[in-house]
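For reference, the structure discussed in these notes is given below.
The values are calculated or read from the model by the stated rules, or taken from the named source; none is laboratory data. Everything numeric here is computed off the predicted structure, so don't read it as measured data. Ideal geometry is used to build each Cβ from the backbone, glycine not excepted, and the neighbour counts take in all protein chains shown. Protein only, heavy atoms only, side chains kept; ligands, DNA and RNA dropped before computing areas. Shrake-Rupley method; radii C 1.70, N 1.55, O 1.52, S 1.80 Å.
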Protein chains: 2
Amino acid sequence: MALIVQKYGGTSVGSIEKIKNVAKKVIATKNQGNQLVVVVSAMGNTTDDLIALKNQIAEEVSPREYDTLISTGENISAALLAIAIQDQKENSISLTGWQAGVLTEDIHMKCKILDVDSSRIKAELAQGKIVVITGFQGINSKGDITTIGRGGSDTSAVVIAAALNADVCEIYTDVDGIYTTDPRKLPHAKKLETISHEEMLEMASLGAGVMHPRAVETAKVNKMNLHVKHSHKEGTGTQIIMSGEKTQVVSGIATDDNIAKIGVMHVPDIPGVAAKLFGSLAAEKINVDVIVQSIHEIKKLNDISFTVSKDDYKKSLKITKAITSDWKETQIVGDTKVAKISIVGIGMISAPGVAAKMFHALGKEKINIQMISTSEIKVSCIIAEDHLVKAIRAIHDEFELHK
Amino acid sequence: MALIVQKYGGTSVGSIEKIKNVAKKVIATKNQGNQLVVVVSAMGNTTDDLIALKNQIAEEVSPREYDTLISTGENISAALLAIAIQDQKENSISLTGWQAGVLTEDIHMKCKILDVDSSRIKAELAQGKIVVITGFQGINSKGDITTIGRGGSDTSAVVIAAALNADVCEIYTDVDGIYTTDPRKLPHAKKLETISHEEMLEMASLGAGVMHPRAVETAKVNKMNLHVKHSHKEGTGTQIIMSGEKTQVVSGIATDDNIAKIGVMHVPDIPGVAAKLFGSLAAEKINVDVIVQSIHEIKKLNDISFTVSKDDYKKSLKITKAITSDWKETQIVGDTKVAKISIVGIGMISAPGVAAKMFHALGKEKINIQMISTSEIKVSCIIAEDHLVKAIRAIHDEFELHK
């Protein structure tokens, strides 16, 4: 008898009809002779509706009360799923985060799960029940309700699966697997049968709608294999497995068009400049993605370029201008019409020339590369947003990812 | 420094605008130098919305899951009120039933509160916070969420007030007090400054929209004075006080038009007949209100008449017919066009002739009395529904309640 943890996201439980379907799927899995724990997100737009209510009072509220409010979304969907399972004549119980023993840090809104006291989950499983657990939430040492940030239900599922020593953690979502690149942008993109945790992490921007990076990282740390599948269609999905088990040079292409670029030109070459700039951005909770620095050898002046999300662009520009206002030669340029394209592959580590092949593909299409950033298993280029689809096609063909 | 418990019902927190107003009121009370605990119901139609969601799956569901689902309504309103108080620069925290230590029986949907472990409430009060607590819900010995039935937030407030040894428990609602009779039916009905717990209990049907009978009973047991006030209007409201403190002969007139009458004529006069009939009705959770039995001395046959809510009428009729099917002479008559009118007053105990005065008032208006039932502080008559308003006016005038 295998122990399976399944996670269903907000769109998978977005209506009563869908909840009934999930109940059917879940029961079928149990009837194959498995023990089953199901982790659910809030129904469709519930969380946004709750935030809208709160916003009628204030935008900024106490994180503790925010968590208390927002966690009700999962309480509703979990109870409804348990009800739907029971209605189909199968034994089930819903547990909130605190009832399931999900213990978190004392901070709110984006806390980490510290531990899972799985005694109650195990007791309910032992009674033959399908245990439905609210994702996204837990309880801290004060007895207050906490949430673990958007997309946190994936992480809940992985942590609960690890605590239960589950055989597999299945992530049900609204796509049928991980693709070599976004199929909406390149119709002949190919679904991957397997991908490593590391590659999946780097594909985060592509995979954002599929799986939360923190969940992938947690799975990696816990050596937990994941299985991403479509919640309402048949199919083999994509397995996210330990990297030792596969060695593809390039697994896929990730893109992100929600970025903006800021260039700080002619920065004095004195120590602490970068620390000051990026420290100030971090203090305002702005997430900086790609950072590139180059030096004009003759003038002893640096150029620093970086990207942020389009949402953070204006705020970032203001902060950057304030910090650099004393430096007379410094010029600031900004551009929101950019996008990032990345190739990801665990095999890249031992395969030279992969980056060059990517640049070649872009060059053939006369696509100008504005910034380059590389990691051991990823090469990212910042290009004009308009060229993104053309770039995807060129790179996909170059690496023959459709094969 | 007084400790005040205030309860706001669903309509009082029915919109964000109203929640903001409640926050203002609550802060004003605190600023008068009081410690404050606020018990809230779910916003307006939230509970009905949740039930509608559930009904899309099944009408009858596991009571445990029902409670888990339905309790989210109060979690939302409590968090929003705490947020609104904080937004008006006052310190506040929301606590769910389990966080507030509200311990209940193990049954669901209509459990009783067994105890309140008020340590956390007291700790938060000691920190100068306005403590907002979800009404209507608690936790049982298994760690499951329970609810205490419709209108249960009143009971929550009273029990919490008693546990904290509060100076007063104020019930804020959408009427400005308790009236001698329903002002919608008799415009010159008079607001009472005080009423005893016992009278308020008997006025339950009139007071249903004002305060839940169980809450009044709990207050009576705990010798807790209550103060019913309008949530968004100024006014003195009505105080519900210990009966020793007042002795009015007739305080008010209660009416209930949501009743139906069933008459079982010519029942054999053998022991156990009534027990069998009302036992069967009780087994189906049908609440029988007035019961009247009379005997035909010559034939040794009884007539038993009783009333149930209009909702339970068909079911009750069916059960009654099934039970009496063996008795050849028995006839069953039913009537849904009836209403109950009652006079209530603690002074009735020591004032003879009160019932006669009521019958006289009805007789003058040629209103036929179909059934009579009396208690120490109440006289109820079942009359034709069409005559209800005329009956209210006649009795109100007879006892000069407008004075």
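Taking the criterion of being modelled with pLDDT of 75 or more and either under 18 Å from A:Lys328 (Cβ atoms) or touching a Lys or Arg at 6+ places or on another chain (Cβ under 8 Å) (or both), the residues of region A:271-300 that qualify are A:Val273, A:Lys276, A:Leu277, A:Glu284, A:Ile286, A:Asp289, A:Val290. Of all the residues in region A:143-157, those that are part of a loop (DSSP other than H, G, I, E, B) and among the acidic types (Asp, Glu) number 1. Selection within region A:315-326: residues that are among the charged types (D, E, K, R) and either touching a residue at least 12 places away in the same chain (Cβ under 8 Å) or out of contact with any strand residue (DSSP E or B) (no Cβ under 9 Å at 6 or more places or on another chain) (or both). The member of this set that is surrounded by the fewest Cβ atoms within 10 Å (Cβ to Cβ) is A:Asp326.
Can you say whether A:Ile93 is open to solvent by less than 40 Å² (accessible area, probe 1.4 Å) and closer than 30 Å to B:Lys129 by Cα, as far as the supplied structure shows? Show your work before the answer.
Values: open to solvent by less than 40 Å² (accessible area, probe 1.4 Å): yes; closer than 30 Å to B:Lys129 by Cα: no.
Judged against the criteria, A:Ile93 is not a match.
B:Leu192 meets each of the listed conditions (1) more than 30 Å from B:Lys390 (Cα to Cα); (2) touching a residue at least 60 places away in the same chain (Cβ under 8 Å) apart from (1). Residues that are surrounded by fewer than 19 Cβ atoms within 10 Å (Cβ to Cβ), more than 9 Å from chain A (Cβ to nearest Cβ), over 21 Å from A:Thr96 (Cα atoms) and among the charged types (D, E, K, R) do not occur anywhere in region B:96-106.
Please indicate, with yes or no, whether at least one residue in region B:113-124 is open to solvent by 10 Å² or more (accessible area, probe 1.4 Å), within 10 Å of chain A (Cβ to nearest Cβ) and farther than 25 Å from A:Ser92 by Cα. Yes, some residue in region B:113-124 is open to solvent by 10 Å² or more (accessible area, probe 1.4 Å), within 10 Å of chain A (Cβ to nearest Cβ) and farther than 25 Å from A:Ser92 by Cα. Given the criteria surrounded by 24 or more Cβ atoms within 10 Å (Cβ to Cβ), assigned to a helix (DSSP H, G or I), facing another protein chain (nearest Cβ under 7 Å) and not hydroxyl-bearing (Ser, Thr, Tyr), does A:Ile85 qualify? No: the conditions fail for A:Ile85. A:Leu186 falls short of the stated requirement of being touching a residue at least 40 places away in the same chain (Cβ under 8 Å), part of a helix (DSSP H, G or I) and more than 26 Å from A:Ser243 (Cα to Cα). If I ask for residues that are within 27 Å of B:Lys185 (Cβ to Cβ) and in contact with a helix residue (DSSP H, G or I) (Cβ under 6 Å, 6 or more places away or on another chain), which ones from region B:317-356 would you list? Within region B:317-356, B:Gly334, B:Thr336, B:Lys337, B:Val338, B:Ala339, B:Ile341, B:Ile343, B:Val344, B:Ile346, B:Met348, B:Val354 meet the criteria. Please work out if B:Glu65 is modelled with pLDDT of 95 or more, open to solvent by 20 Å² or more (accessible area, probe 1.4 Å) and in contact with a helix residue (DSSP H, G or I) (Cβ under 7 Å, 6 or more places away or on another chain). Against the criterion (modelled with pLDDT of 95 or more, open to solvent by 20 Å² or more (accessible area, probe 1.4 Å) and in contact with a helix residue (DSSP H, G or I) (Cβ under 7 Å, 6 or more places away or on another chain)), B:Glu65 does not qualify.
Could we say that A:Ala78 is at the interface with another protein chain (Cβ under 8 Å from one of its Cβ atoms), of a type in the set (A, V, I, L, M), in a helix (DSSP H, G or I) and open to solvent by less than 20 Å² (accessible area, probe 1.4 Å) here?
yes
Residues of region B:243-261 include none that is at positive phi, open to solvent by 40 Å² or more (accessible area, probe 1.4 Å) and in contact (Cβ under 8 Å) with a residue 60 or more places away in the chain. Taking region A:1-31 as the range and being more than 19 Å from A:Gly128 (Cα to Cα) and not basic (Lys, Arg) as the test, the residues that pass are A:Tyr8, A:Gly9, A:Gly10, A:Thr11, A:Ser12, A:Val13, A:Gly14, A:Ser15, A:Ile16, A:Glu17, A:Ile19, A:Asn21. Looking for whichever is in a strand (DSSP E or B) and either within 28 Å of B:Lys20 (Cβ to Cβ) or not β-branched (Val, Ile, Thr) (or both) here; the options are B:Glu170, B:Glu217, B:Glu198. Which one fits? Sole residue among the options that is in a strand (DSSP E or B) and either within 28 Å of B:Lys20 (Cβ to Cβ) or not β-branched (Val, Ile, Thr) (or both): B:Glu170. Considering (1) within 30 Å of A:Lys190 (Cβ to Cβ); (2) in a strand (DSSP E or B), the lone condition that A:Phe306 does not fulfil carries the number (1).
Of all residues in region A:362-388, those that are farther than 26 Å from A:Asp303 by Cβ and either more than 22 Å from the chain's Cα centre (by Cα) or surrounded by fewer than 18 Cβ atoms within 10 Å (Cβ to Cβ) (or both) total 1. Does A:Glu90 satisfy the condition of being assigned to a loop (DSSP other than H, G, I, E, B), more than 7 Å from every other protein chain (Cβ to nearest Cβ) and touching a residue at least 24 places away in the same chain (Cβ under 8 Å)? Against the criterion (assigned to a loop (DSSP other than H, G, I, E, B), more than 7 Å from every other protein chain (Cβ to nearest Cβ) and touching a residue at least 24 places away in the same chain (Cβ under 8 Å)), A:Glu90 qualifies. Scanning region B:349-368 for residues that are at pLDDT below 90, over 23 Å from B:Glu199 (Cα atoms) and outside any helix (DSSP H, G or I) yields a single hit, B:Asn368.
May I ask you to list the residues in region B:125-142 that are assigned to a helix (DSSP H, G or I) and open to solvent by 20 Å² or more (accessible area, probe 1.4 Å)?
Step one: of region B:125-142, the residues assigned to a helix (DSSP H, G or I) are B:125-126.
Matches in region B:125-142: B:Ala126 only.
Selection within region A:37-53: residues that are surrounded by fewer than 24 Cβ atoms within 10 Å (Cβ to Cβ) and in contact with a helix residue (DSSP H, G or I) (Cβ under 6 Å, 6 or more places away or on another chain). The member of this set that is modelled with the highest pLDDT is A:Leu50. Of all residues in region A:146-175, those that are open to solvent by 10 Å² or more (accessible area, probe 1.4 Å) and within 14 Å of chain B (Cβ to nearest Cβ) total 0.
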